[in-house]
Amino acid sequence: TAPLAELDPEVAQAMAGELARQRDTLEMIASENFVPRAVLQAQGSVLTNKYAEGYPGRRYYGGCEHVDVIEDLARARAKELFGADFANVQPHSGAQANAAVLMALMNPGEKLLGLDLAHGGHLTHGMKLNFSGKLYDVESYGVSKEDHRIDMDEVRKIAVAAQPKVIVAGWSAYPRHEDFAAFRSIADEVGAYLWVDMAHFAGLVAAGLHPSPVPYADVVSSTVHKTLGGPRSGLILAKQEWAKKLNSAVFPGQQGGPLMHAIAAKAVSLKIAGTEEFKDRQQRTLTGAKILAERLTGADVVDKGVSVLTGGTDVHLVLVDLRNSQLDGQQGEDLLHEVGITVNRNAVPFDPRPPMVTSGLRIGTAALASRGFGDEQFTEVADIIGTALAGSSDVETLKSRVSKLAADFPLYEGLEDWRLI
Ligand code: PLP
């Protein structure tokens with residue numbers, strides 16, 4: 001019964017440090033967000049104690065009457081939000097969701113066609129050290145050298161030659177909409193299943209600000225913690241005909257007991273994702289990314305050999321191309337860290353630098369939109385980043401501009417008092 005700070009001061013202190021970091025700096029990692037207080041409460045709850053292998057109404061453990069209500073709510077909300085026939089909300093993470101999807105759709109040794117990791121794909125879409133690359137026979141498509149966009153004619157050619165069992169669309173680093181109808185037509189042409197991993201842009205889809213893959217794909221997977229703004233976890237949506245296979249691929253195929261505290265937090269965040277406030281937040285996320293892309297194509301930045309992949313963005317992130325810049329990805333990440341902005345370095349397509357260094361930065365606006373940023377604040381943060389990347393040596397001024405923005409938009413006020421609910 002002792003409070004955390006008393007029982008385990010070392011962990012408590014590191015947690016306090018992380019809270020201070022989130023408050024005092026500007027979070028622009030494109031895969032991160034700030035969850036609402038209600039989501040933290042659901043996740044930090046007694047539900048963490050409960051085992052509930054199986055599915056609502058068909059559990060392998062007793063005492064599941066309350067967690068059944070929660071999982072049913074989460075499933076119903078996921079289906080309604082995205083207009084899907086079927087939802088499984090048990091995956092512990094995006095990677096686990098994807099493992100289950102692959103297990104349901106294909107057998108080891110069969111062919112998977114996905115976006116190359118080096119061109120913005122995810123590890124679970126066939127990277128050779130990942131289970132997906134080890135278990136399946138992987139072919140990749142990439143972006144074109146000219147405009148860094150996915151060329152659907154090229155995807156069609158590769159698919160016709162490869163005859164994959166599954167085609168995966170979706171990405172971890174790609175700043176444009178994908179053509180889901182074209183993916184569907186290619187899948188139909190070669191007799192493949194279409195899986196879309198919408199982990200990054202699910203929040204935009206929920207808000208109606210991004211084309212939905214649900215009508216086109218056999219199966220859609222997602223994380224819940226990126227633009228969708230919920231707890232770290234995954235979910236799967238599908239046409240009803242896939243329900244049985246997917247459920248059994250998640251449990252017992254890939255996982256044991258579901259994390260009911262995470263599922264409760266998912267239910268809460270899926271409720272929030274249906275609100276007007278959420279839509280407004282997604283709109284500010286999009287506008288913020290456009291403001292950023294515009295600033296980073298300004299003359300002072302371009303003069304330093306810095307550019308923005310595809311010249312702009314349709315989504316919540318901007319990919320900065322440093323291939324012609326003195327600055328590499330690591331240095332860019334460090335420079336922005338020094339002024340108080342957190343981003344991640346990211347390989348760009350055809351990157352000449354090694355993967356631990358890279359020639360790119362991936363900068364996202366979802367977390368700051370959740371913090372309340374609108375046009376004015378995004379214009380300011382975009383200018384701070386632009387000025388830094390254009391080589392300003394006045395780091396102190398940039399730092400104080402960051403501190404002012406952070407102070408103007410307080411985060412988790414009063415958290416110290418209620419986190420031990
Ligand atoms: N799918 C995509 C497209 C992603 O970008 C990510 C995370 O980066 C994942 C899946 C994996 O999610 P997780 O880190 O929860 O396993």
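Read the figures in this text as sums done on the coordinates, not as results from a lab. Computed from a prediction, not measured in an experiment: that's the story for all the values here. Here Cβ is always computed from backbone atoms with ideal geometry, including for glycine, and neighbour counts include all displayed protein chains.
Points to keep in mind about this one:
- Relative contact order [Cα under 8 Å, 6+ residues apart], the stretch 168-265, whole percent: 21
- Only the Cβ atoms of Lys and Arg (+1) and of Asp and Glu (-1) were treated as charged; on that basis the dipole of the chain about its Cα centre amounts to roughly 1000 debye.
- FRET E, pair Asp151, Leu7, Förster distance 51 Å, beta-carbon r, rounded to 0.05: 0.35
- Among beta bridges identified by DSSP and lying wholly in the chain, the antiparallel ones come to about 55 percent.
- The value of relative contact order for the chain, using C-alpha pairs under 8 Å at least six residues apart, is 22 percent.
- Average projected area [Cα convex hull, the stretch 27-181], square nanometres: 12.2
- Sorted by Cβ density within 10 Å, fewest first, the residues Leu335, Leu123: Leu123, Leu335
- Gyration tensor (alpha-carbon) shape descriptor, the stretch 100-225, a/c threshold 1.5: rounded
- Over 30 Å (Cα to Cα) - which of Lys128/Lys290; Lys79/Lys404; Lys244/Lys266; Lys111/Lys266; Lys111/Lys271 fall in this group: Lys128/Lys290; Lys79/Lys404; Lys111/Lys266; Lys111/Lys271
- P(r) for the stretch 62-138, from all Cα pairs and a bin width of 10 Å, is 17, 36, 28, 17, 3 %, short bins first.
- The slack in the chain from Thr287 to His177, taken as 0.36 nm per residue of separation less the alpha-carbon distance, amounts to 38.1 nm.
- Three-way shape call for the stretch 1-103 based on the alpha-carbon gyration tensor, with the a/c threshold at 1.5: oblate
- When the P(r) of the stretch 167-266 is calculated, the portion above 25 Å amounts to 22% of the C-alpha pairs.
- Fewest neighbouring Cβ atoms within 10 Å first, the residues Lys50, Lys226 line up as Lys50, Lys226.
- Annotation: for a label point projected 7 angstrom from Cα along Cα→Cβ of His337, residues of the stretch 1-30 with backbone N closer than 20 Å are 14-30.
- For the Cα trace of the chain, dividing Rg by the Kirkwood Rh returns an Rg/Rh value of 0.97.
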